[in-house]
Amino acid sequence: MTDKLEQLVEIAQAMVAPGKGILAIDESSGTIKKRFDGVGVECTEANRLDYRSMMLTTEGLGQFISGAILFDETIRQKMPDGTPLVKLMEQAGILPGIKVDTGAKPLAGFEGEKVTEGLDGLRERLAEYAELGAKFAKWRAVITIGDDIPSRACIDANAHALARYAALCQEAGIVPIVEPEVLMDGDHDLDTSFDVTEATLKALFTQLYEQNVMLEGTVLKASMVISGSDADDRADVDEVAQATVDCLLNAVPAATAGIVFLSGGQGDVEATTHLDAMNKIGDLPWPLSFSYGRALQQACLKTWAADPKGNRAEAQQVLLHRARMNGMAALGEWDQDDERG
């Protein structure tokens with residue numbers, strides 16, 4: 001194995017180290033504006049830096065967070081004293097990551113379905129991001145469950161794009177996170193979620209194999225097999241955990257470095273509970289951890305927004321608590337009583 005491939009494996013293993021997960025703070029300009037609007041904070045570059053740097057400088061965060069996914073603006077930002085944000089992350093033992101796709105766009109010829117774009121010029125962008133300090137990257141595909149969808153064409157188009165992105169990442173010495181999100185929007189049941197997730201993952205790993213992507217240097221960001229958010233009689237925690245683990249065992253090769261889950265609209269504690277239940281099943285070929293956005297940030301954002309200057313330390317403690325809870329869940333050692341600790 002060449003030095004570059006060995007380095008990819010080392011980074012991937014560090015990303016899913018025991019009891020650690022990934023903080024997703026890669027919201028696009030539009031998404032972060034919605035979040036800020038919701039808590040009454042003006043969405044300026046200075047405020048975005050203040051908020052994200054507050055999270056990344058939380059003392060002790062590196063004990064539970066292995067890396068953070070950044071937006072293009074964030075990876076270039078510097079603190080008021082001129083220190084690059086990436087440098088602060090490195091000092092805290094948090095690997096810098098970068099979102100590189102340009103968003104999910106309507107899939108021509110397939111109403112209601114989307115394909116993620118961003119392959120044009122990606123090789124050059126990855127080279128620049130590597131120079132800026134990025135150790136891993138993320139690309140998100142979106143699969144929607146609805147009447148007669150997803151189509152095979154949609155699944156295959158997104159799987160192919162994810163594999164091309166992953167190959168380009170590894171060429172640049174960057175670990176790819178591949179994220180084929182099966183949305184929980186809708187009234188579908190657990191079995192439908194299972195079938196769509198399984199088909200999506202099998203298509204993805206077929207493409208990764210065909211594009212010569214090294215799985216030992218690749219991290220899967222997966223959605224949980226979960227009932228639709230509008231479904232009647234939604235599956236309980238143990239049903240979700242067992243269905244998700246069964247689906248992953250059916251579709252994800254053991255060589256994959258690790259699996260981190262997205263929260264996908266789940267509540268803070270709900271996402272922690274599901275992750276813990278999966279790890280309590282035990283005896284799995286890969287680590288199961290987290291790569292949460294809202295489920296890590298929500299309470300922290302509200303606390304910070306109430307008084308961005310005065311509440312900084314309190315907001316950091318809120319984030320640290322949430323990260324600690326998910327770190328315990330990644331080991332299968334979380335308990336509801338820990339939430340009061």
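Residue check: is Gln91 within 25 Å of Ser289 (Cα to Cα) and in contact (Cβ under 8 Å) with a residue 24 or more places away in the chain? When the stated conditions are applied, Gln91 does not pass them.
Does segment 160-173 include one or more residues that are closer than 24 Å to Glu270 by Cα and either assigned to a loop (DSSP other than H, G, I, E, B) or in contact (Cβ under 8 Å) with a residue 24 or more places away in the chain (or both)?
Taking segment 160-173 first, the residues closer than 24 Å to Glu270 by Cα are none.
Among the residues of segment 160-173, not one is closer than 24 Å to Glu270 by Cα and either assigned to a loop (DSSP other than H, G, I, E, B) or in contact (Cβ under 8 Å) with a residue 24 or more places away in the chain (or both), which makes the answer no.
For Gln266, the conditions (1) over 27 Å from Arg234 (Cβ atoms); (2) in contact with a helix residue (DSSP H, G or I) (Cβ under 7 Å, 6 or more places away or on another chain); (3) polar (S, T, N, Q) all hold with the exception of (1). Got at least one residue in segment 19-35 being surrounded by 15 or more Cβ atoms within 10 Å (Cβ to Cβ), over 18 Å from the mean Cα position of the chain (by Cα) and not small (Gly, Ala, Ser)? Yes. Which count do you get for residues in segment 242-267 that are buried (at least 20 other Cβ atoms within 10 Å of the Cβ) and modelled with pLDDT under 95? The total comes to 3.
When only residues in segment 96-115 that are within 26 Å of Leu56 (Cβ to Cβ) and of a type outside the set (Asp, Glu) count, which is surrounded by the fewest Cβ atoms within 10 Å (Cβ to Cβ)? Walk me through how you get there before you give the answer.
Of segment 96-115, the ones within 26 Å of Leu56 (Cβ to Cβ) are 96-103.
Now restrict to residues that are of a type outside the set (Asp, Glu): 96-100, 102-103.
Details: Pro96: 24, Gly97: 31, Ile98: 26, Lys99: 25, Val100: 24, Thr102: 16, Gly103: 13.
Of everything passing the filter in segment 96-115, Gly103 is surrounded by the fewest Cβ atoms within 10 Å (Cβ to Cβ).
Only one of the numbered conditions (1) surrounded by fewer than 17 Cβ atoms within 10 Å (Cβ to Cβ); (2) of a type outside the set (A, V, I, L, M); (3) in contact with a Gly (Cβ under 6 Å, 6 or more places away or on another chain); (4) assigned to a loop (DSSP other than H, G, I, E, B) is violated by Gly228, and that is (1). Condition check for Lys302 on (1) closer than 27 Å to Thr218 by Cβ; (2) part of a helix (DSSP H, G or I); (3) among the charged types (D, E, K, R): one failure, at (1). Please specify each residue of segment 316-341 satisfying the condition of being modelled with pLDDT under 95 and part of a helix (DSSP H, G or I). Across segment 316-341, the qualifying residues are Gln336, Asp337, Asp338, Glu339, Arg340. Do we have Val178 as crowded, with 23+ Cβ neighbours inside 10 Å and either over 30 Å from Gly133 (Cα atoms) or among the aliphatic types (A, V, I, L, M) (or both) here? Against the criterion (crowded, with 23+ Cβ neighbours inside 10 Å and either over 30 Å from Gly133 (Cα atoms) or among the aliphatic types (A, V, I, L, M) (or both)), Val178 qualifies. Filtering segment 213-241 to residues that are over 21 Å from Thr272 (Cβ atoms) and at pLDDT 95 or above leaves Val213, Met214, Leu215, Glu216, Gly217, Thr218.
Among residues of segment 196-216 that are closer than 22 Å to Gln13 by Cα, those with a beta-carbon under 8 Å from a residue that is at pLDDT below 95 and surrounded by fewer than 17 Cβ atoms within 10 Å (Cβ to Cβ) at least six positions away or on a different chain give the pairs Met214/Leu5.
State yes or no: is Ile149 within 25 Å of Ala277 (Cβ to Cβ) and of a type in the set (A, V, I, L, M)? No: the conditions fail for Ile149.
The number of residues in segment 116-152 that are out of contact with any Asp or Glu (no Cβ under 8 Å at 6 or more places or on another chain) and surrounded by fewer than 18 Cβ atoms within 10 Å (Cβ to Cβ) comes to 13. Just so you know, in segment 268-284 the residues that are of a type in the set (Val, Ile, Thr) and under 13 Å from Gly327 (Cα atoms) include one that is surrounded by the most Cβ atoms within 10 Å (Cβ to Cβ), and it is Thr272. Of the strands (runs of 3 or more DSSP E) that lie entirely inside segment 1-107, not one contains 1 or more residues that are of a type in the set (Lys, Arg), on the phi > 0 side of the Ramachandran plot and out of contact with any Pro (no Cβ under 9 Å at 6 or more places or on another chain). Scanning segment 124-151 for residues that are more than 19 Å from Met89 (Cβ to Cβ) and in contact (Cβ under 8 Å) with a residue 40 or more places away in the chain turns up Ala127, Trp139, Arg140, Ala141, Val142, Ile143, Thr144, Ile145, Gly146, Pro150, Ser151. Can you find, within segment 257-283, the residue that is farthest from Asp189 (Cα to Cα) among those that are in a loop (DSSP other than H, G, I, E, B) and under 16 Å from the mean Cα position of the chain (by Cα)? Among residues in segment 257-283 that are in a loop (DSSP other than H, G, I, E, B) and under 16 Å from the mean Cα position of the chain (by Cα), the one farthest from Asp189 (Cα to Cα) is Ala257.
The values are calculated or read from the model by the stated rules, or taken from the named source; none is laboratory data. All values reported here derive from a predicted model rather than from experimental measurement. Glycine gets a Cβ as well: all are built from the backbone with ideal geometry, and neighbour counts include every protein chain shown.
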